[in-house]
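Take a look at the structure below.
The values are calculated or read from the model by the stated rules, or taken from the named source; none is laboratory data. Small disclaimer: the values here were computed from a predicted structure and weren't measured. Every residue, glycine among them, receives a Cβ derived from its backbone with ideal geometry; neighbour counts consider all protein chains shown.
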2 protein chains.
Amino acid sequence: MKVTRAQIVDGAYELLRERGLSSLSMRRLAQDLGVQPGALYYHVANKQELLAVVAARVLADFPASPADPRSAAQDLRAALLRVRDGAEVVSFVQAYRPDVLTPTGALNRLFTDRFGPRQAEWAARTIVHYVLGFVAEEQNRAELVRAGIVDVEPAHERESAEAFLFGVDAILTGLAG
Amino acid sequence: MKVTRAQIVDGAYELLRERGLSSLSMRRLAQDLGVQPGALYYHVANKQELLAVVAARVLADFPASPADPRSAAQDLRAALLRVRDGAEVVSFVQAYRPDVLTPTGALNRLFTDRFGPRQAEWAARTIVHYVLGFVAEEQNRAELVRAGIVDVEPAHERESAEAFLFGVDAILTGLAG
DNA sequence: ACCTGAACACCGTTCAAGT
DNA sequence: ACCTGAACACCGTTCAAGT
């Protein structure tokens, strides 16, 4: 059996999207691809590097040049929600591969007319931290509900979106003032 | 050899504090306590439950009744920074044991005079999400530097505190407006 | 060049059997 | 009541040997 790097990345992304982070192991990925675990390491340095590429794919449909910070925040949340544990993976990768995180860069640009470079960066990170924290909690709860560990009905999307925008608008109002 | 639940919790907390989350395994903890891994499960249901108790201890020196949201945010950050991976552990526990998270409750109370109960809750969560996200990134970077994976000099505490407060003040200004 | 087989050093959790 | 011994079903990673 043969695998390409592209197949590995595709497989990892699909595994994450539909089974979640706890199912995304190198061994299971290898099995899905019909190959021995060691074979993956010929195409990929290690799991961290693979996760970085997968995180970039999660963020792929986040627009490169969003119109305004408010819709950028909503787009970021939407992109993260499309993949199980999306926020957790992106948070993890953000720490050691900040360059993968296009949203921070895009938001940064939206603030450079209002702020100096330092504060534009801080403003962008404030939004991103909030969005990642909010969505991570949403998705963690969803995972626990799925696993039957927690039986609290997850809030309806209507209410979640409302709570989400409350925070976004507070931050943006504060940044504007 | 005998262990008490208190010894297990103390040991887990110490292991986390000085060695970090990646060293906090049930097997290593058992070894530190001079006991077989299975023995732990007589005192603790599973690792998740143990982490919930440890997270509560991380937050133990967060004041129960902070004076104002700004100092509450700083106190929360300080409490998290005292323990390696403190933010990650608290974030993880927050999802399935929100009751352990006293900070949200304390912040909630500080907002109830300005807002209705729904919005006070949202306001509190906005702050907490931001703080957890900010500190998680700080600590993740610190871990990667320690591991030699990333060699970027971590920002000085002066600058980190400044960036942190920039976000806190933006959020609080927005909430006030 | 790329993969297999097999190992190394780990995990969390369970449970009969011991004391 | 509490612990041990031993197992089960996993991990990520490495690497000689094969093709």
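Are any residues in the range A:25-56 without any contact (Cβ under 8 Å) to a residue 24 or more places away in the chain and either assigned to a loop (DSSP other than H, G, I, E, B) or within 9 Å of DNA strand C (Cβ to nearest atom) (or both), and if so, which ones? Those that are without any contact (Cβ under 8 Å) to a residue 24 or more places away in the chain and either assigned to a loop (DSSP other than H, G, I, E, B) or within 9 Å of DNA strand C (Cβ to nearest atom) (or both): A:Ser25, A:Arg27, A:Ala30, A:Gln36, A:Pro37, A:Gly38, A:Tyr41, A:Tyr42, A:Ala45, A:Asn46.
Residue-by-condition table, conditions (1) farther than 25 Å from A:Ala163 by Cα; (2) loosely packed, with under 14 Cβ neighbours inside 10 Å:
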| position | (1), (2) |
| --- | --- |
| A:Leu21 | yes, no |
| A:His43 | yes, no |
| A:Asn46 | yes, yes |
| A:Val54 | yes, no |
| A:Ser91 | no, no |
| A:Gln119 | yes, no |
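Only a single criterion out of (1) in contact (Cβ under 8 Å) with a residue 12 or more places away in the chain; (2) more than 8 Å from DNA strand D (Cβ to nearest atom); (3) surrounded by 13 or more Cβ atoms within 10 Å (Cβ to Cβ) is not satisfied by A:Ala64, namely (3). Among the conditions (1) more than 13 Å from DNA strand C (Cβ to nearest atom); (2) within 14 Å of another protein chain (Cβ to nearest Cβ), the only one that A:Ala79 does not satisfy is (2). For the condition within 9 Å of DNA strand D (Cβ to nearest atom) and either among the aliphatic types (A, V, I, L, M) or on the phi > 0 side of the Ramachandran plot (or both), A:Ala45 qualifies. Could you check A:Glu157 against (1) more than 12 Å from the chain's Cα centre (by Cα); (2) within 9 Å of chain B (Cβ to nearest Cβ); (3) without any contact (Cβ under 8 Å) to a residue 24 or more places away in the chain and say which number it fails? With respect to (1) more than 12 Å from the chain's Cα centre (by Cα); (2) within 9 Å of chain B (Cβ to nearest Cβ); (3) without any contact (Cβ under 8 Å) to a residue 24 or more places away in the chain, A:Glu157 is out only on (2).
Can you tell me which residue in the range A:48-61 is farthest from the other protein chains (Cβ to nearest Cβ), limited to those that are small (Gly, Ala, Ser) and away from DNA strand D (no atom under 16 Å from the Cβ)? Write out each step before concluding.
Step one: list which residues in the range A:48-61 are small (Gly, Ala, Ser), which gives A:52, A:55-56, A:60.
Among the residues that remain, those that are also away from DNA strand D (no atom under 16 Å from the Cβ) are: A:56, A:60.
Values: A:Ala56: 17, A:Ala60: 22 Å.
By that ranking, first place goes to A:Ala60.
Among the residues making up the range B:98-110, a single one is more than 12 Å from the chain's Cα centre (by Cα), in contact (Cβ under 8 Å) with a residue 24 or more places away in the chain and surrounded by fewer than 18 Cβ atoms within 10 Å (Cβ to Cβ): B:Arg109. What about A:Ala120, is it more than 8 Å from every other protein chain (Cβ to nearest Cβ) and touching a helix residue (DSSP H, G or I) at 6+ places or on another chain (Cβ under 8 Å)? For A:Ala120, the condition - more than 8 Å from every other protein chain (Cβ to nearest Cβ) and touching a helix residue (DSSP H, G or I) at 6+ places or on another chain (Cβ under 8 Å) - is met. Filter the range B:1-17 for residues that are exposed (fewer than 13 other Cβ atoms within 10 Å of the Cβ) and not in a helix (DSSP H, G or I); which is modelled with the lowest pLDDT? The selected residue is B:Met1.
When the range B:6-28 is examined, which residues are found to be within 27 Å of B:Ala142 (Cα to Cα) and either within 12 Å of DNA strand D (Cβ to nearest atom) or within 14 Å of chain A (Cβ to nearest Cβ) (or both)?
Start the filter on the range B:6-28 by keeping residues that are within 27 Å of B:Ala142 (Cα to Cα), which leaves B:8-28.
Once the filter is applied, which keeps residues that are within 27 Å of B:Ala142 (Cα to Cα) and either within 12 Å of DNA strand D (Cβ to nearest atom) or within 14 Å of chain A (Cβ to nearest Cβ) (or both), the range B:6-28 yields B:Ile8, B:Gly20, B:Leu21, B:Ser22, B:Ser25, B:Met26, B:Arg27.
Taking the range A:35-63 as the range and being over 19 Å from A:Ala95 (Cβ atoms) and under 15 Å from the mean Cα position of the chain (by Cα) as the test, the residues that pass are A:Ala60, A:Asp61, A:Pro63.
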